[in-house]
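A.B. asks: Dropping the structure in here first, questions after.
The values are calculated or read from the model by the stated rules, or taken from the named source; none is laboratory data. This structure is a prediction, so every number in the text was calculated from the model and none was measured. Please note: Cβ atoms are built from the backbone with ideal geometry, for glycine as well, and neighbour counts cover all protein chains shown. Side chains are part of the model used for accessible areas, which takes the heavy atoms of the whole protein and leaves out ligands, DNA and RNA. Shrake-Rupley method; radii C 1.70, N 1.55, O 1.52, S 1.80 Å.
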Amino acid sequence: MSLKIDNLANQNKEILTELEQKIAYRFTDLRLLQKALIHSSYAFEQGQTGKDNEILEFVGDAVLDLVIGHTLCKRYPEMREGQLTRLRASLVNEAHLAGMARKIDLGSYLSLGKGEETSNGRNKPSILSCAFEAVIGAVFEDSGYQVASDLIQRLFDEEIETRKAHLVLTDAKSRLQEKLQEEFNEAPVYRLDSEDGPSHQKHFSVSVMFRGQVLGTGQAGSKKEAEQRAAAAALAIREEGGDTDSQ
């Protein structure tokens with residue numbers, strides 16, 4: 001690494017240590033963390049083109065995809081490949097990674113060029129998500145795959161559960177229809193049982209029906225979500241051992 005990185009790491013040692021505490025990881029080589037925080041606009045202005053975080057970002061992106069994908073496969077063996085792909089994409093997209101960066105106030109630690117500094121670059125999703133990936137890449141370069149994997153799983157653990165629950169709910173109608181068409185070559189129908197409340201605060205109750213039988217019910221603030229909840233309830237009953245009359 002260049003002397004410029006050495007100087008920056010020494011000058012910023014206090015705030016770098018603060019960031020280490022936020023991610024609960026201590027770098028053996030603090031210069032790696034410093035480099036992860038250097039945006040290309042800053043490197044260009046300092047006459048250090050190429051001495052930015054883009055390579056670490058590239059590495060971190062690959063590590064994130066692998067760790068999140070492997071974690072999902074191990075944690076949810078019942079999920080299909082398409083579901084796993086959608087769940088991983090919801091966790092490693094720009095918007096979500098920028099949100100993860102904001103949780104640790106990553107923007108305040110970045111070295112930005114004057115143009116990005118004055119145009120609110122510290123809050124731009126593209127810059128934040130890339131910096132977050134670069135920090136992951138720096139951890140990988142500093143300590144290897146297993147340590148990076150442990151860190152990622154710790155940072156993402158709660159979000160994995162939340163996103164999975166959301167995916168299961170939003171995917172429920174299509175999964176129920178696939179199951180019933182596969183078994184009986186028929187699709188379910190949805191019955192609106194009630195619609196209450198003022199126009200700005202509606203409450204819908206829906207039942208999913210198959211051959212006159214109620215498979216599940218759901219309630220929500222929109223008809224669409226109530227249908228999804230009804231389908232999710234029907235799937236849960238089936239998975240617990242309930243059976244749909246095929247006669």
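A.B. asks: Give me the residue from region 49-102 that is among the polar types (S, T, N, Q) and surrounded by 15 or more Cβ atoms within 10 Å (Cβ to Cβ) and, out of that set, nearest to Tyr145 (Cα to Cα).
C.D. replies: Thr71
A.B. asks: Return the residue satisfying two criteria in turn: it lies in region 178-190 and is in contact (Cβ under 8 Å) with a residue 40 or more places away in the chain and out of contact with any helix residue (DSSP H, G or I) (no Cβ under 8 Å at 6 or more places or on another chain), and of such residues it is least open to solvent (accessible area, probe 1.4 Å).
C.D. replies: Leu180
A.B. asks: Still on this structure, I have one more. Among the residues of region 114-127, what is the count of those that are open to solvent by 20 Å² or more (accessible area, probe 1.4 Å) and among the aliphatic types (A, V, I, L, M)?
C.D. replies: Of the residues in region 114-127, 0 are open to solvent by 20 Å² or more (accessible area, probe 1.4 Å) and among the aliphatic types (A, V, I, L, M).
A.B. asks: Follow-up. Anything in region 1-28 that is open to solvent by less than 30 Å² (accessible area, probe 1.4 Å), aliphatic (A, V, I, L, M) and modelled with pLDDT of 95 or more? List them, or say none.
C.D. replies: Answer for region 1-28, where residues must be open to solvent by less than 30 Å² (accessible area, probe 1.4 Å), aliphatic (A, V, I, L, M) and modelled with pLDDT of 95 or more: Leu16, Leu19, Ile23.
A.B. asks: Any residue in region 11-39 that's closer than 21 Å to Ser129 by Cα: show its pairings with residues that are loosely packed, with under 13 Cβ neighbours inside 10 Å and of a type in the set (Asp, Glu) at Cβ separation under 8 Å, as long as the two are six or more apart or on different chains.
C.D. replies: Here the result reads Lys22/Asp105, each pair linking region 11-39 to a residue that is loosely packed, with under 13 Cβ neighbours inside 10 Å and of a type in the set (Asp, Glu).
A.B. asks: Filter region 128-149 for residues that are under 17 Å from Arg88 (Cα atoms) and among the acidic types (Asp, Glu) and give the result.
C.D. replies: Selection gives Glu133 alone.
A.B. asks: Of everything in region 128-155, what is under 18 Å from Ser41 (Cα atoms), surrounded by 24 or more Cβ atoms within 10 Å (Cβ to Cβ) and of a type in the set (A, V, I, L, M)? Give them in sequence order.
C.D. replies: Hits for region 128-155 are Ala131, Ala134, Val135.
A.B. asks: Can you confirm whether Leu128 is in contact with a Leu (Cβ under 8 Å, 6 or more places away or on another chain) and in a helix (DSSP H, G or I)?
C.D. replies: yes
A.B. asks: Further, regarding this structure: Which one of these is among the hydroxyl-bearing types (Ser, Thr, Tyr) and not in a loop (DSSP other than H, G, I, E, B): Thr85, Thr28, Thr49?
C.D. replies: Values: Thr28 fails: not in a loop (DSSP other than H, G, I, E, B); Thr49 fails: not in a loop (DSSP other than H, G, I, E, B).
Step by step, each of Thr85, Thr28, Thr49 is checked, and only Thr85 is among the hydroxyl-bearing types (Ser, Thr, Tyr) and not in a loop (DSSP other than H, G, I, E, B).
A.B. asks: Let me ask you something else. Of the residues in region 67-103, how many are of a type in the set (Val, Ile, Thr) and touching a Lys or Arg at 6+ places or on another chain (Cβ under 7 Å)? Break it down into steps so the answer makes sense when it comes.
C.D. replies: Narrowing region 67-103 to residues of a type in the set (Val, Ile, Thr): 67-68, 71, 85, 92.
The next check asks that each one be touching a Lys or Arg at 6+ places or on another chain (Cβ under 7 Å); those that pass are 68.
Residues that pass the stated criteria total 1.
A.B. asks: Something else now. Looking only at region 53-77, which residues are outside any helix (DSSP H, G or I) and at pLDDT 95 or above?
C.D. replies: Correct list: Asn53 only.
A.B. asks: Can you find a residue that is polar (S, T, N, Q), open to solvent by 80 Å² or more (accessible area, probe 1.4 Å), under 21 Å from Thr170 (Cβ atoms) and part of a strand (DSSP E or B) anywhere in region 210-222? Break it down stepwise before answering.
C.D. replies: Restricting attention to region 210-222, the residues satisfying the condition of being polar (S, T, N, Q) are 213, 217, 219, 222.
Then drop every residue that is not open to solvent by 80 Å² or more (accessible area, probe 1.4 Å), which leaves 219.
Now narrow it down to the ones that are under 21 Å from Thr170 (Cβ atoms): 219.
Right, trim to part of a strand (DSSP E or B) and you get 219.
Yes, region 210-222 contains a residue that is polar (S, T, N, Q), open to solvent by 80 Å² or more (accessible area, probe 1.4 Å), under 21 Å from Thr170 (Cβ atoms) and part of a strand (DSSP E or B).
A.B. asks: Ok, one more. Identify, by number, the condition in (1) in contact with a Pro (Cβ under 7 Å, 6 or more places away or on another chain); (2) on the phi > 0 side of the Ramachandran plot that Phe210 doesn't meet.
C.D. replies: With (1) in contact with a Pro (Cβ under 7 Å, 6 or more places away or on another chain); (2) on the phi > 0 side of the Ramachandran plot applied to Phe210, the lone miss is (2).
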